[in-house]
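To keep things clear, I will list the structure first and then write my remarks on it.
The values are calculated or read from the model by the stated rules, or taken from the named source; none is laboratory data. Every value quoted in this text rests on a predicted model; they were computed, and no experiment measured them. With ideal geometry, Cβ positions are generated from the backbone for all residues, glycine too; neighbour counts draw on all protein chains shown. Heads up: the accessible areas ignore ligands, DNA and RNA and are worked out on the full protein's heavy atoms, side chains in. Shrake-Rupley method; radii C 1.70, N 1.55, O 1.52, S 1.80 Å.
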Amino acid sequence: MLTLALTGVVSATAAIAAYQSMAPTGDWYGKTFTGLAHGSRQLALTYDDGPNDPHTQRLLEILARHGVQATFFLIGRYVRQRPEIVREIIQAGHIVGNHTFTHPLLTFNSETAIRQELSECRSALQDAIGEHSSLFRPPFGGRRPAVLRIARELGMSPVMWNVTGYDWNAPPAPEIERKVTKQIRGGNVILLHDGGHKKMGADRSQTLIATDHLIARYKPEGYKFVTIPQMMGKTDIHTP
């Protein structure tokens, strides 16, 4: 009986540990930024896996029409392919962050590989826009202590989320909107995607429609859409 009980405890602990390594608001492995206390009138739109032609550019048009700034967590290999899109993001007043170079699940990578992924993305951003970002988001949300430690050693603040549109498989826009609105409490970091980690050109048209509708819904209610640095109360998020 004791052996069975111990086995159960070990299994349960392993399951919780695995959950905490992926859960966006889990903090077993270290603190990350996931938003503000509920009740804040700030909302932060964040987009992963770009730059992505043509949907990132179309998203920029939607954001400009609404006068909203967002935060883009970019994959380094795509930055290398389309640096001009990254420059458009910056010129429009948005913020970029490091989303690794190839989008691996860092939970299972060696420390050397983790450092290389972050460093290569940082170099790609530096080459594209003359500066790199001090924001970092782990692909899939996957992390362990070494991931967060290395990010901080490289001068990066880990950023997760507390609302997601579950849009990575490109569901219809109303479904994305419904999932986001069910989670909004104020002070939220909203995870959406303007690209896809498997290839350039992923269809994000439904996310763009959902973005348009979400901004049109929440701005009249008195919510202010801000960048991650603004929500964090920081002004210098890029390092020359």
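Please name all residue pairs, on different chains or six or more residues apart, with Cβ atoms under 8 Å, provided the first residue is in region 82-96 and is over 14 Å from Ser133 (Cβ atoms) and small (Gly, Ala, Ser) and the second residue is assigned to a helix (DSSP H, G or I) and open to solvent by less than 50 Å² (accessible area, probe 1.4 Å).
Ala92/Leu60; Ala92/Leu63
For region 91-104, what are the residues that are open to solvent by less than 50 Å² (accessible area, probe 1.4 Å) and in contact with a helix residue (DSSP H, G or I) (Cβ under 8 Å, 6 or more places away or on another chain)?
His94, Ile95, Val96, Gly97, Asn98, His99, Thr100, Phe101, His103, Pro104 - these are the residues of region 91-104 that are open to solvent by less than 50 Å² (accessible area, probe 1.4 Å) and in contact with a helix residue (DSSP H, G or I) (Cβ under 8 Å, 6 or more places away or on another chain).
Given the options Pro158, Pro171, Pro229, name the one that is part of a loop (DSSP other than H, G, I, E, B), modelled with pLDDT of 95 or more and not charged (D, E, K, R).
One residue alone meets the criteria, Pro171.
Consider Thr34 against the criteria (1) closer than 24 Å to Lys219 by Cβ; (2) of a type in the set (S, T, N, Q); (3) out of contact with any Phe, Trp or Tyr (no Cβ under 7 Å at 6 or more places or on another chain): it satisfies all of them except one. Which criterion is unmet?
Looking at each condition in turn, Thr34 falls short on (3).
Against the condition assigned to a strand (DSSP E or B), open to solvent by less than 40 Å² (accessible area, probe 1.4 Å) and among the aliphatic types (A, V, I, L, M), how does Leu43 come out, does it pass?
Against the criterion (assigned to a strand (DSSP E or B), open to solvent by less than 40 Å² (accessible area, probe 1.4 Å) and among the aliphatic types (A, V, I, L, M)), Leu43 qualifies.
Only one residue in Gly196, Gly201, Gly222 is over 25 Å from Tyr29 (Cβ atoms), in contact with a Phe, Trp or Tyr (Cβ under 8 Å, 6 or more places away or on another chain) and part of a loop (DSSP other than H, G, I, E, B), so which one is that? Give the steps one after another, and end with the answer.
Working: Gly201 fails: in contact with a Phe, Trp or Tyr (Cβ under 8 Å, 6 or more places away or on another chain); Gly222 fails: in contact with a Phe, Trp or Tyr (Cβ under 8 Å, 6 or more places away or on another chain).
Unique residue meeting the criteria: Gly196.
Residues of region 191-211 being of a type outside the set (A, V, I, L, M), under 19 Å from Ile62 (Cβ atoms) and crowded, with 18+ Cβ neighbours inside 10 Å, which ones?
His193, Asp194, Gly195, Gly196, Arg204, Gln206, Thr207, Thr211
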